[in-house]
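Beneath this line is the structure, given in structure tokens, with notes to follow.
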Amino acid sequence: MKPGSYLLGLIVPAGLLAAWAAAARYGLLPAQILPDPAFVAQTIGETLASGELWMHLSASLQRIAVGFAFGSAAGLLCGAAIGASSTLRELFRTPFLVLTQLHALAMLPLIVLMFGIDEEMKLFVIAWATFVPVVLNAAQGIREVSSEWVEVGRVLGFDPWYQATRIVLPAAAPSIFTGIREGLANAWQALILAELFASSEGLGYLIVWGRQLFQLDLVLTAIATIALVGLLLNSVLGIAERRLYRWRGGVA
């Protein structure tokens, strides 16, 4: 991306920040509703220096790493099987159409009954939020691989493993990466909401704690961290995708 594009993308955030600062300076909004951005920045610095923010961020990142790994691995395996088999596609078409309409949090009462409110519940919510988009996109990508390419592999005598790794997966890679990025975004959002529901540490817990103490600066600190980390995770996946599949002309 060109430097000019980065600068253009900063115009709206800078404008919102300026409007926020002006509203706080001239008393357009009470500090109890929207604290001054300088005060929020000070809170960010203090929580970083004390290690409090790092502790909560570390807890959230550990959860997202485990839940996302399980959800994406299961999603890739199921998506590959469904994409490669027309029988499985027909068998699971309706169930997966139903699953796309059900967010993990809609089933939270049942999940709590099964797993309680400890770490297992949060990891399941994260894995579930990851699983569905990864399955759907992986299955679609594999299903749309040109049959002519597969036939060329057969003619050349490729065994099934070589054909899958050298023809099918590279051709389906853009769709698979789309599912992984959607899954990561869903997982990050689901994690925060699960931490809001029941947790003693994590960024979601920090939001609840700040609200209970009526410390809106702490709430906004957690929200800003959530947004920045989510943006960073998505950017890292984008960079990995471009580097791994540069031969495709730089997929986004």
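Just so it is clear, none of the values below were taken in a lab; they were calculated from the coordinates. These numbers come from a predicted model, not from an experiment. Cβ: placed from backbone, ideal geometry, glycine included. Neighbour counts: every protein chain shown.
Could you check region 198-223 and list, in sequence order, the residues that are assigned to a helix (DSSP H, G or I) and either surrounded by fewer than 17 Cβ atoms within 10 Å (Cβ to Cβ) or free of Cβ contacts under 8 Å to residues at least 40 places away in the same chain (or both)?
207, 208, 209, 210, 211, 212, 219, 223
I'd like to know if region 53-71 contains one or more residues that are over 25 Å from residue 119 (Cα atoms) and in contact with an Asp or Glu (Cβ under 9 Å, 6 or more places away or on another chain).
To start, the set of residues in region 53-71 that are over 25 Å from residue 119 (Cα atoms) comprises none.
Looking for residues that are over 25 Å from residue 119 (Cα atoms) and in contact with an Asp or Glu (Cβ under 9 Å, 6 or more places away or on another chain), one finds none in region 53-71, hence no.
Can you find even one residue in region 42-55 that is under 24 Å from residue 212 (Cβ atoms), free of Cβ contacts under 8 Å to residues at least 24 places away in the same chain, surrounded by 15 or more Cβ atoms within 10 Å (Cβ to Cβ) and not acidic (Asp, Glu)?
No: zero hits.
Out of all the residues in region 83-106, which are of a type outside the set (Ser, Thr, Tyr), free of Cβ contacts under 8 Å to residues at least 24 places away in the same chain, over 15 Å from residue 187 (Cα atoms) and assigned to a helix (DSSP H, G or I)?
Correct list: 88, 90, 91, 92, 93, 95, 97, 98.
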